[in-house]
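What follows is a short report on a single structure.
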Amino acid sequence: MNSSHLTLGAIGLLATASLAGRRGSRAAQTAAHPDTLWVGTTARNLPGILRSGLQPAAGWSPHQTKTRHAVFLADNIEGAMLYADASDGHDPVIIEVDARGLDLLPDYDDIRTKLDALLDYLRGELGWRPEPGVPFAAAQQQRIEDALEWYWEVGEQDDLGVEVAYQEGSGRPMLVVEPRVGITVDDRASRLLPQLYEDMVWVDGVPAWMTSQYQHLGPVGLERIRRVWVPGKTGVAVRSYGYLVDARGRRVGGLPDYAEPQHMEWWEENLDFRERFMQPLTQAEARRWLARRGSPNRKRGLPGIVHAVQGGLTPELIDRKRCRPRGTSPQECHCYHAAEAVYHLAGGKRSGLVPVSGKLRGGTHWWLQDRKTGEVVDPTSGQLPRGYDYGKGTPRGFLTAKPSQRAQVVIDRAKPHL
């Protein structure tokens with residue numbers, strides 16, 4: 001089990017709860033929480049954050065959520081990094097938030113189904129359903145603890161943290177539920193090197209980095225921002241579980257499920273999750289950092305267009321009827337509208353680029369190629385296996401002369417950064 005996620009003891013007790021209303025799939029209850037929480041974002045969002053604080057739905061997240069009117073905060077910096085370091089087109093930024101006295105709601109989205117199953121089981125055993133944060137009679141405590149103990153013995157519930165604690169002030173017992181969220185990691189080496197995933201929890205057969213997550217309804221003001229963590233050549237090494245890299249820090253392509261014993265030592269020494277050096281800055285220092293580097297994600301020419309397009313690729317753009325991401329790269333299932341966006345931003349036919357498609361894992365992959373030089377321009381190359389053969393591609397036109405709806409969204413996001 002992940003040793004660095006928030007323990008039940010660290011969560012403390014839930015304050016008096018009112019379960020009369022619901023927001024999304026979360027009970028409307030206020031949670032006690034750590035004094036420091038973390039928000040993962042990107043450098044392109046930092047100017048706005050330093051002007052107005054953290055605003056709900058101001059940016060986007062690779063982690064799907066049902067609530068769009070809240071700021072989401074994680075209890076560990078690794079969880080925030082998974083949100084921030086979502087793509088090669090992003091420069092990760094982590095916001096350290098002073099959460100003391102901040103009214104927060106626990107995020108139960110990922111565990112709601114299992115939590116409801118547990119509560120329904122307790123109702124069957126007790127004749128009534130206890131709710132998280134709602135005190136119950138002391139006479140019921142032993143029955144609930146016995147039922148919980150049996151429940152944990154018969155099922156694998158590592159991603160569900162529930163125990164009986166005591167309400168502050170009254171001392172009455174109640175259920176405390178840890179608001180755990182499992183964030184997708186690069187799981188391609190889970191069979192080859194399972195020891196890389198020892199600090200994770202397996203959810204439905206897939207390893208996930210667990211963090212306790214909270215939501216704040218409304219903005220989080222500048223006075224709450226303690227420090228801004230930005231990439232640097234030195235600083236604190238923060239592991240990014242979204243990418244597997246080799247000994248030189250290069251992202252790896254295809255990986256075998258197993259290796260012969262004589263080769264295992266090589267894999268153990270040459271494969272790990274990427275680490276990013278992050279420097280903690282004050283708000284004033286972060287503004288100077290932005291001024292020195294210029295506009296976030298801005299580069300010149302075609303590389304700048306590709307970089308800006310990559311920064312605008314978000315999960316809701318994926319047509320899941322046509323393409324199902326495997327979770328190995330945030331660029332998966334974005335190839336068509338990403339190539340479209342680069343093509344039109346570069347000038348369309350005048351750019352000298354032509355659309356090309358080839359086979360990839362039983363489906364189709366799209367990229368661009370210079371008509372004269374043959375140079376490949378692929379904004380979603382990060383999803384490809386090592387040694388992908390662009391030479392087998394076939395030049396062809398896009399389905400529409402104008403940008404598709406998804407491509408237009410990406411274009412609109414990229415333009416401010418060009």
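The values are calculated or read from the model by the stated rules, or taken from the named source; none is laboratory data. All values reported here derive from a predicted model rather than from experimental measurement. With ideal geometry, Cβ positions are generated from the backbone for all residues, glycine too; neighbour counts draw on all protein chains shown.
Worth pointing out:
- One residue from P207, P219, P231, P194 being without any contact (Cβ under 8 Å) to a residue 60 or more places away in the chain and more than 17 Å from the chain's Cα centre (by Cα): P194
- If only residues of segment 402-418 that are at pLDDT 90 or above and either more than 16 Å from T314 (Cα to Cα) or of a type in the set (F, W, Y) (or both) are counted, the one that is nearest to the chain's Cα centre (by Cα) is P403.
- Single residue of segment 254-270 satisfying the filter (assigned to a loop (DSSP other than H, G, I, E, B) and surrounded by fewer than 15 Cβ atoms within 10 Å (Cβ to Cβ)) that is modelled with the lowest pLDDT: G254
- Residue check, A401 in contact (Cβ under 8 Å) with a residue 24 or more places away in the chain and hydrophobic (A, V, I, L, M, F, W, C): no
- Residue in segment 292-301 that is at pLDDT 90 or above and not assigned by TED's automatic domain parsing to the domain that holds V409 present: no
- Every condition in (1) outside any helix (DSSP H, G or I); (2) more than 30 Å from L50 (Cβ to Cβ) holds for F273 except the one numbered (2).
- R350 being out of contact with any strand residue (DSSP E or B) (no Cβ under 9 Å at 6 or more places or on another chain) and over 29 Å from D187 (Cα atoms): yes
- Segment 72-122, residues that are crowded, with 19+ Cβ neighbours inside 10 Å and hydroxyl-bearing (S, T, Y): Y83, S87, Y108
- Failed condition for K349, given (1) out of contact with any Cys (no Cβ under 8 Å at 6 or more places or on another chain); (2) closer than 16 Å to I305 by Cβ; (3) in contact (Cβ under 8 Å) with a residue 60 or more places away in the chain: (3)
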